[in-house]
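Reading through the structure tokens given below for one structure.
Every read-out reported here was derived from the displayed coordinates using simple, explicitly stated rules and does not represent laboratory data. None of the values given here were measured: they were computed from a predicted structure. We place every Cβ from the backbone using ideal geometry, glycine too, and count neighbours over all the protein chains shown.
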Amino acid sequence: MSAQAPASSKIVSRPRQLALALDHPESFAREDFFSGPGNAAALALIDSWPDWPSRAVALIGPEGSGKTHLATIWATAAGARVVSADKIGAFDVPGLLATGALVIEDAGAATDERALFHLMNLAREEQAFLLFAARSAPAAWQISTPDVASRLRAMPTAQLQAPDDAMLRGVMVKLAADRQLVLDDAVVSYLASRIERSFAAARAAVVALDEEALRRGRPPSRALAAELFRDGG
């Protein structure tokens, strides 16, 4: 008769490591905004509210330059609602100004000009604040309504430039922290030398490195970064 295993014995299997697609919300708090020469004017404009030079102002800068972060800081302070420019016509315009402050993101994109005209007129009547965020200056927006176009061109604007090296490194460390990821100086330096000088590229690099490290079940390292970005990303 063969020996039987004791009733208390158990078969133990090693857990498999799974690469989970977890949501890592980025922090848009005021203390997490990295300031530098390229965005000092825009940050000063946001911080000066409500003492703005006009009730309507615009933040101008390339994708990933920090416009959304600054707009979120202001929206929190002013109690502003946020709407994409191409969705203005889908909302009740008086409702958009219910709090007396509104952020219009992706301004200059396909916009319902009639709704925008109504919005700007009502904002003027109610002394509401408008913050436009766009990649290009108002003069370049495809607006055919003369009155709207002239008012947009007259808006005070603040430009956000591409980050310098120190800011780019700081942003990568901050983005990694948002994902509960620790990057040492060697990794940050390597990434900074291989990606384009933009916040969007920094974000994409951190996400790619984090996801690949998780997939392989190993910590992010300079060697892993080199595998991913050897040819400049």
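Note on Ala200 and Arg135: the extension gain reaches 22.1 nm, defined as 0.36 nm multiplied by sequence separation minus the Cα-Cα distance. In this structure the amide hydrogen of Ala101, modeled in the peptide plane, comes within under 5 Å of the amide hydrogens of Arg81, Phe129, none closer than 5 places in sequence on its chain. Scalar couplings 3J(HN,Hα) for region 172-188, obtained by applying the Karplus form with A = 6.51, B = -1.76, C = 1.60 to θ = phi - 60°, are 5, 5, 5, 5, 5, 4, 4, 9, 6, 10, 10, 10, 7, 4, 5, 5, 4 Hz; x denotes Gly and Pro. Shape class of region 30-159 from the Cα gyration tensor (axes a ≥ b ≥ c, square roots of the eigenvalues): prolate, since a/c reaches 1.5 or more and a/b is larger than b/c. Springs between Cα atoms under 10 Å define the GNM used for the chain, and in it the highest mean-square fluctuation of Gly95, Gly66, Gly170 occurs at Gly95.
Only one of the values (1) 1.17; (2) 0.99; (3) 1.11 was calculated from this structure for Rg/Rh (Cα atoms, Kirkwood Rh); name its label. For Rg/Rh (Cα atoms, Kirkwood Rh), the calculated option is (1). Only helical runs count toward this figure. For the chain, summing -39,500 (n - 2.57) over DSSP H runs of n ≥ 4 and dividing by all residues gives -12500 deg cm²/dmol at 222 nm.
Taking every DSSP beta bridge that has both ends in the chain, the antiparallel portion is near 0%. Computed from backbone phi with θ = phi - 60° and the Karplus coefficients 6.51, -1.76 and 1.60, the 3J(HN,Hα) list for region 215-223 is 4, 8, x, 9, x, x, 9, 5, 4 Hz; x is used for glycine and proline. Structure remark: mean-square fluctuation, Gaussian network model of the chain, C-alpha springs under 10 Å; the largest value among Ala85, Ala223, Ala202 belongs to Ala223.
Our coupling estimate for region 30-44, obtained by passing each phi through the Karplus curve with A = 6.51, B = -1.76, C = 1.60 and θ = phi - 60°, is 4, 6, 9, 8, 8, 9, x, x, x, 10, 4, 5, 5, 5, 4 Hz, Gly and Pro reported as x. Taking the chain as a Gaussian network of alpha-carbon nodes connected by springs under 10 Å, the highest mean-square fluctuation of the residues Lys174, Lys87, Lys67 belongs to Lys87.
Computed from Cα atoms, the angle from the helix 113-126 axis to the main principal axis of the chain rounds to 70 degrees. Near Asp112, the amide H atoms lying under 5 Å from its own belong to Ile88, Gly89; only residues 5 or more places off or on other chains count, and H is placed 1.01 Å from N.
Dipole size of the chain about its Cα centre, with +1 on Lys/Arg Cβ and -1 on Asp/Glu Cβ: approximately 740 debye, rounded to the nearest 20. Protection proxy ranking for 205-217, 42-54, using the average of other Cβ atoms within 10 Å per residue and placing the highest first: 205-217, 42-54. Put simply, the amide H of Gly38, placed in the peptide plane, has neighbours under 5 Å in Asp164, leaving out anything fewer than 5 places away on its chain. The long axis of helix 67-78 is offset from the longest Cα principal axis of the chain by roughly 70 degrees.
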